[in-house]
1. Do we have Ala378 as of a type in the set (A, V, I, L, M) and surrounded by fewer than 21 Cβ atoms within 10 Å (Cβ to Cβ) here?
2. Within the stretch 334-348, which residues are open to solvent by less than 30 Å² (accessible area, probe 1.4 Å) and not in a helix (DSSP H, G or I)?
3. In the stretch 157-183, which residue that is part of a helix (DSSP H, G or I) and touching a strand residue (DSSP E or B) at 6+ places or on another chain (Cβ under 9 Å) is surrounded by the most Cβ atoms within 10 Å (Cβ to Cβ)?
4. Identify, by number, the condition in (1) modelled with pLDDT of 95 or more; (2) closer than 30 Å to His118 by Cβ; (3) not small (Gly, Ala, Ser) that Thr375 doesn't meet.
5. Got a sec? Which of Ala303, Ala274, Ala286, Ala294 is among the small types (Gly, Ala, Ser) and touching a strand residue (DSSP E or B) at 6+ places or on another chain (Cβ under 6 Å)?
6. How many residues does the stretch 42-83 contain that are away from ligand 2 (no atom under 16 Å from the Cβ), buried (at least 17 other Cβ atoms within 10 Å of the Cβ) and under 27 Å from Ala141 (Cβ atoms)?
7. Which one of the conditions (1) open to solvent by 20 Å² or more (accessible area, probe 1.4 Å); (2) without any contact (Cβ under 8 Å) to a residue 60 or more places away in the chain; (3) outside any helix (DSSP H, G or I) does Leu331 fail to meet, given that it meets all the rest?
8. I need the full set of residues from the stretch 256-270 which are open to solvent by 30 Å² or more (accessible area, probe 1.4 Å) and assigned to a loop (DSSP other than H, G, I, E, B), in order please.
Amino acid sequence: MALWCEQAWLVDGWRNNVRLTFENRRISSVETDVEADAGDERHAILLPGLPNLHSHAFQRGMAGLAERAGRGDDSFWTWREVMYRFVDRLDPEGVRGIAALAYAEMLESGFTRVGEFHYFHHDVDGRPYGDLAATAEAIAAAAGETGIGLTLLPVFYAHSGFGGAAPTRGQRRFVNDVDRFAKLLEGSRAAVTGLDDAVVGVAPHSLRAATADELASVAAMAAGAPIHIHIAEQMPEVEACLAWSGARPVEWLYDHADVGSDWCLVHATHITDAERHAIVASGAVAGLCPITEANLGDGLFPAREFLAEGGRFGVGSDSNVEIDAAAELRLLEYGQRLAHRGRNLLAAGADASTGASLYRGALAGGGQALGRPGTGLAVGEAADIVSLKVGDPFFSGRSGDAILDSWIFGGGRRLVDCVWRGGVKQVAGGRHIARDTIDARYRATIARLLA
Ligand code: NGQ
Ligand code: ZN
């Protein structure tokens, strides 16, 4: 199998007339300045696919259903009540139907691997399904059907607040103790064995949901795989942590856990300079979810300072209220522009393309956070590749980094043409190859769940 393109964004930059071959799902050769062979599939522009480091796939099914004002002030916490009511309607089949659509949309937008932060585990009465990992199997089935790379992050959840507060009724389908979580993790590892190149990490949900002892036990189960945690997303969470411990969430985490490059701190929105320095120094990835953070009214992560200091980051579609790889990067930069009243604030230096800087950063940090570090299009790397619709009039007169800047700032998902994951073409002409089946099942699923 060989792809030929006019321009490709290789590890060391743009090259012309590039020919790539795949073998066993990986890139087996890269030639530049060569003619296409007769059987080659020809494209204009090829780029590496982007990792999506944080998703709750099921929440795609409620996108747009929490945008109506309530009687009092709406907030992250009132949104969460709406989300919990949606969870009450779910079952494993429902999770599968919704996740398959979300994953197809991710691939169509340029994401080739997803970190599924998966916390919905149990039946409506809060008791485990006969098969403890039933919903993890649903996620694995959706990943298998769409072909997206899966890093499954089974979530440990036991409490509703700092200090081991009892879980609420809305959380009953998430809850395990450490022993049952260990079994769930085993079941989750078994659930992904049929998938190509899956990873299973662990995810203590937040410092609200796990005590210090539980956090230590769960982190130890990762066995070298990624550890993800939601942290410091909302100010009430920071205030509750201070009231409970005298320390802020990130400060507390660094005092109590050995946080290194295997960790992903999701959001880390509200951090002091000292906390920011600690994250940078540890090599942990900041898991930024700009669209969801805007949607939920979280606040702004100090991206300008963090990136200038060499902090590692990736992007996630989190609530999946909108699924668009380019749009996540765009909003990451725009948040900084609005806050600081400047432009090109996340570019890697003078003359650097903002789009290329963001893409390169999110590619490296996202891969690290998902346990599949990668450098881009090079021999030995996974054949996770995106082609853009460069024939679109919008791209006229653009080449090199201006293509990335134009895609990210001026276009978005409609400009993605084909996507290969592990060397298999999953998206052609902007549409997932199994879209018809996935759409039909999604419609039936939603009709049933919302009935
Ligand atoms: C979640 N989502 O687990 O889906 C969370 C909300 C919580 C985001 N934080 C629930 N974006 O944090 O308690
Ligand atoms: Zn989340």
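1. So Ala378 fits the description; yes.
2. Gly342, Leu346, Ala347
3. Phe181
4. Single failed check for Thr375: (1).
5. Ala286
6. Summing the residues that are away from ligand 2 (no atom under 16 Å from the Cβ), buried (at least 17 other Cβ atoms within 10 Å of the Cβ) and under 27 Å from Ala141 (Cβ atoms) in the stretch 42-83 gives 3.
7. (3)
8. Correct list: Asp258, Ser261, Asp262, His270.
The values are calculated or read from the model by the stated rules, or taken from the named source; none is laboratory data. The model shown is predicted, which means the values in this text are computed figures rather than measured ones. Cβ sites come from the backbone with ideal geometry, for glycine too, and all protein chains shown count toward neighbours. Just so you know, the surface numbers come from the protein's heavy atoms only, side chains and all, with ligands and any DNA or RNA stripped out. Shrake-Rupley method; radii C 1.70, N 1.55, O 1.52, S 1.80 Å.
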